[in-house]
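Here is the structure we will look at.
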Amino acid sequence: MATSLRTRLILTFAVLTIIPISIVAVFISQRGFNVLQDQSAAFQNQLAQRTADRLEAFFNERRVELSTLINVFGFGTLDEDTQRSVLSTLLSQQRSYYQFALVGSDGSETLKLTRGEVITDSDLVNRSDDTAIQAAFESGTVSFGSVYFNENARDRLITIAVPIVDLVTGDVEEVLVSEIRFQSIGDTVLREASTEAGQDVFVTDEDGLILAHRNPNFAIRANVFKPDVTSGRTTGLNGDDVILSTHNVVLANQELVIVAQIDYATATSLANDLSNIALIVTLATLVISILIVGYSANQIVKPIIQMSRAAAAIQGGNLEARVSEKGSDEIAALGRSFNRMTADLQTTLKGLRENVTQLEASNQEREKLIKDLQAAKRLAEENSRLKSEFLSTMSHELRTPLNAIEGFTGVVLKRMGGAQFNDKTEDYLKRVQNNSRRLLQLINDFLDLSRVEAGRLELANQPFAPLALAERWKNEIGVLAETKGLTMEVEVSPSMPATLYGDEEAISKVVINLLSNAIKFTETGGIKLKMDHQDSIWNIAVSDTGIGIAPHAREFIFEEFRQVDQSSKRKYGGTGLGLAIVQKYTRVMGGNVSVKSDLGQGSTFTVTLPLKTTA
């Protein structure tokens, strides 16, 4: 009977404990899956947009490249051998081109070069029915053709027709026709996309036909993939469960679709981890609850067991048997009645002395029981302390990554899911988000420094436009300057080449750090970004009207964790890593950085880099 009662009590308390914990765990887990799915969809949308921007930039570079060849270098005025030589050089240097052709006003090809083929006069054809060529002759502007599959190239091609205009008459005399390989988009634009494990990005036409993929077999086999949603969870290219987002790019008279997708399992791996943690916590809570409930059940059932044993002892002739009388519940009252009955029997049979002796023994037993209960209480308090330490350690060690903190805080601030809060709470959330970003930026700075010091920084050698890059920097930093009431001036020398080669992201990291520092240490006036070149060197100078740098501080300003002085550090904040990153990145790129400053008058940081106009 005692065992049955103990079991029922343990099961009842365990169920009452585990049900609410399980409900909370399931809710948190499901909420985590939903939030991560929405966040992943937003990330895929950003990736699709970035890829679309790169795709537009890719075609714009080809258009500018060909227009420059014609309008700047006077391609139309060159003799045929020179034209052939120029196109051959461009064909060998730029793998994006598959074929060049020069088409006269009657639509006949007068010159043709094809990658990997020898072209004779018999291979020249009439292309008067080519709509892109017709449009170039009629409009006098660059025209794009439709995407088509070329068996010889084993690739999908797109035609770019660039008119050659007679500068005297203004008429279009010829059209330079180039065929662009879509696989080169997969080799450049798509491979440059920052994709993680389980993530993919590719290009289709408006009917879902895959035009470019990092795996060329998808385009060669003419795979078709047209998702049933533009953003969200669906079936992916390989038939698996994915979260994707699409972005459309209009090119001439046709529409291209950028598809970015990630495996659902990869996108929600953090939620799976949280579910596993919730399961572990639930099981641990269940075990602890069973132990606590078991102990409590024993305290409840123990007097009943004692009473049963005492009754059996009295039945056997032992009138010394007693039960605990501690408490004010029904069991304690029954125990007291039982003891009174036993005492009455003992008084009748053994007399007053035996009764007194029994009472003294009973008193000693009660004192012992009190000590036992006190020891049990101390044990319970120690168990509670150990449990608190365990939960504290677990919550500290298993905290969610900083990206998740920032992501969730952003979701709450956007009041997604019906979240309601006052201005004070919103201020707290913004502080959490800002400090998360600051800590994440600090971690990123440490990673940047460690990559440089370990020699693992790999620099790209890709073409970029200095003027466009300067405008991008202005757009990114100008908002911060406007917020502080500062002016921002950008001056790019007209003699700067239109295209340079190098690592655009590494250069941007250097300049953004300098511009950010200039804004941070400037209260009035403004900042200036100046870009020029001398021979084989180009200079990037960032000037401000801020607090300036003392002469002694210039000796250590580029060291890690060093700032101008302690008062500057307290007033303006920061970790002292920005200028260290600037110097190390500049040196890795083969350049140097210098500073000129007058205390209280402002500072000028000048970065000198090798001027590379070719790959």
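The values are calculated or read from the model by the stated rules, or taken from the named source; none is laboratory data. Treat the numbers as computed from the prediction; the structure is a model and nothing was measured. We place every Cβ from the backbone using ideal geometry, glycine too, and count neighbours over all the protein chains shown.
Of everything listed in (1) outside any helix (DSSP H, G or I); (2) at pLDDT below 85, the single unmet condition for VAL249 is (2).
Restricting attention to the stretch 344-365, the residues that are surrounded by 13 or more Cβ atoms within 10 Å (Cβ to Cβ) and modelled with pLDDT of 80 or more total 1.
On inspection, SER567 does not qualify as of a type in the set (S, T, N, Q), in a helix (DSSP H, G or I) and modelled with pLDDT of 85 or more. In the condition set (1) in a loop (DSSP other than H, G, I, E, B); (2) modelled with pLDDT under 70; (3) surrounded by fewer than 14 Cβ atoms within 10 Å (Cβ to Cβ), ASN318 is compliant with all but (2). Within the stretch 34-54, the set of residues being modelled with pLDDT under 70 and surrounded by fewer than 17 Cβ atoms within 10 Å (Cβ to Cβ) comprises just one member, ASN34. Hey, does the stretch 472-491 have a residue that's free of Cβ contacts under 8 Å to residues at least 40 places away in the same chain, in contact with a helix residue (DSSP H, G or I) (Cβ under 8 Å, 6 or more places away or on another chain), part of a helix (DSSP H, G or I) and not basic (Lys, Arg)? Yes, the stretch 472-491 has at least one match.
Determine whether SER231 is among the polar types (S, T, N, Q), in contact (Cβ under 8 Å) with a residue 60 or more places away in the chain and in contact with a Phe, Trp or Tyr (Cβ under 9 Å, 6 or more places away or on another chain). It is false that SER231 is among the polar types (S, T, N, Q), in contact (Cβ under 8 Å) with a residue 60 or more places away in the chain and in contact with a Phe, Trp or Tyr (Cβ under 9 Å, 6 or more places away or on another chain).
Taken residue by residue, the stretch 230-240 has at least one member that is within 25 Å of ARG154 (Cβ to Cβ) and either of a type in the set (Ser, Thr, Tyr) or loosely packed, with under 14 Cβ neighbours inside 10 Å (or both). Pairs meeting the criteria (first residue in the stretch 69-92 and assigned by TED's automatic domain parsing to the domain that holds VAL172, second residue of a type in the set (Asp, Glu), beta carbons under 7 Å, at least 6 apart or on different chains) are GLY76/GLU173; GLY76/GLU174.
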